[in-house]
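Beneath this line is the structure, given in structure tokens, with notes to follow.
The values are calculated or read from the model by the stated rules, or taken from the named source; none is laboratory data. Just so we're clear, the structure is a prediction, and the values are computed from it rather than from any experiment. Heads up, the Cβs are rebuilt from the backbone with ideal geometry, glycines too, and the neighbour counts pull from every protein chain shown. For the accessible areas, the whole protein counts, side chains as well, though only heavy atoms, and no ligand, DNA or RNA atoms are used. Shrake-Rupley method; radii C 1.70, N 1.55, O 1.52, S 1.80 Å.
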Amino acid sequence: MLSKRLSGRIYLARLIALAAVIGPNAGVSQPSDTEALAKFLGARSCGSTGCHGGADSGKDQYLTWRRRDPHSTSYAKLTGGFGRLMADTLDIDNPATDRRCASCHAPFATVPPAHLAKGVKAKEGISCESCHGPAQSWYLGHTRIDWTRKDRRDAGMRGLSDLYERANACVACHQNLEPELIKAGHPDLIFELDGQSADQPRHWRRIASRAAGAWLTGQAVALREISWKLGSAKNAKSQDQLRKRQGLALVWLLNQVAAAESDFEALPAVNTASAPDVWSQVSRASDAMARKAAAYVWEGDAALTGLAARLCATSAAFKEPDEELVFRAERLGLAIDRLLKARQTGNLPPAVEKEMNALFALIQSRSRFNVAKFGQQLDKLRAVLTAGG
């Protein structure tokens, strides 16, 4: 179920903890020497009133995280009733220390003690350094006016203004989920960088002209992660059908974009019987698409509306029942929504909002998905868009 139109890698901490799992070829850069040696100082190191704990706009990042950001309560989800129920199902004694749970919900629990400053606890959940990198090497210098962005990066700070780097920082915990966790009751995850960022209480500046690029970058990175798993020899015999269907849906969607936008190349064709080496090709191709998408800008609202309308024109593919189509529909609905929300015209016109709401209502449940009605709704939405919506 897509709650609020979206389902609900913590970067360095997860890389340290799970490097053996995700491997060096997953498309994510590995920690630099500076990062590998630096310590995490904890969120409180950022929270003084003179830094990021002040009340003024631009100085309240720590307060925004602590008071309003769901990432600050991720640890608590492990110890609550549902977390305990899942742990019992998986025969996990303590989900707050088990890597399957803690790597995303309590990343500091999976970091070797030598990398943690005194007093840093896993209970702070997903905090500043989970995304920006261990602060010891850049903590004292990152506010200096003579430091350039390159200086900060060289010191180990991840500014995340680059959309490709930002997607890499988020994707594993918002996309990669082992089949056993889903079977135990964990909600399935769909990574969508722009929409999920927009739903967060922001402590960063959102540049509207980059919103569609954030969407496309996120989708390509999500496919890279899925297809890397499907292409991994050690995982080839144990791949679940859910991951494969997610990968097929993303390949289909991104190939629709490539057909409409000549700057992008089509991804290799795959099917449910594709060999791991084909999925490995998809992984490399989708990573190349993500890198290009991070710098791609659509020229004006007409270009965004046009692409959304062309995606609606895929309605002919939604006629006959097929168990793969609900996965395409989920990704397609999110894609059209983000493209239209990226326009500079502000809120959606009432007629477009009405048809978008009707479209999303059809993809709230996989078990009740009606493929013919979804295809018809795509036609209705396209008609509104081409009429000037």
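Numbers below:
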read-out	value
Cα extents of segment 194-314 along the three principal axes, largest first (Å)	45, 34, 22
For Cys131, solvent-accessible area (1.4 Å; no DNA, RNA or ligand), Å²	40
Dimensions (Å) - segment 43-197, Cα atoms, principal axes, largest first	53, 32, 31
Per residue accessible area in Å² of the chain, where ligands, DNA and RNA are left out and the probe is 1.4 Å	46
Net +/- balance of residues flanking Ser227 in space, Cβ distance below 12 Å, scoring K and R +1, D and E -1	+2
Computed lengthening from Ala266 to Gln241, 0.36 nm per intervening residue step minus Cα-Cα distance	6.6 nm
Farthest positive-ward along the chain dipole, Cα basis, beta-carbon charges - from Thr79, Gly389, Cys51	Cys51
Net lengthening on full extension, Asn347/Thr148 (0.36 nm per residue, minus Cα-Cα)	68.0 nm
Calculated SAXS-style log₁₀ I(q)/I(0) at q = 0.09, 0.11, 0.20 Å⁻¹ - segment 262-382, Debye, Cα scatterers	-0.30, -0.45, -1.20
Residues in segment 48-66 that a label on Lys118 would reach, taking backbone N under 20 Å of a point 7 Å out along Cα→Cβ	48
Gained length - Leu140 relative to Asp277, 0.36 nm times residue gap less alpha-carbon distance	44.7 nm
Violating pairs (Cα-Cα greater than 27 angstrom) within the set Lys123/Lys229; Lys229/Lys319; Lys341/Lys373; Lys292/Lys341; Lys292/Lys373	Lys123/Lys229; Lys229/Lys319; Lys292/Lys373
Where only alpha carbons of segment 129-272 are counted, the Rg and the Dmax (Å)	17.8, 54
R0 of 51 Å, Cβ-Cβ distance Lys380-Leu85: FRET efficiency to nearest 0.05	0.80
Accessible surface of the chain, 1.4 Å probe, proportion on carbon and sulfur as whole %	52
Counted charge near Gln281, where neighbours are those whose Cβ lies closer than 13 Å (Asp, Glu -1; Lys, Arg +1)	-1
Alpha carbon convex hull of segment 262-327, volume per residue in cubic angstrom	117
Pairwise label distance in nanometres, Ala387 with Thr97, each label 7 Å out on the Cα-Cβ vector	6.3
Dimensionless Rg over Rh [the chain; C-alpha; Kirkwood]	0.96
Surface accessible to a 1.4 Å probe, Arg284 within the full protein complex, Å²	150
Charge sum, other residues only, whose C-beta stays under 15 Å from Glu320's C-beta, Lys/Arg counted +1 and Asp/Glu -1	0
Shape call, segment 35-98: gyration tensor on alpha carbons, a/c limit 1.5	oblate
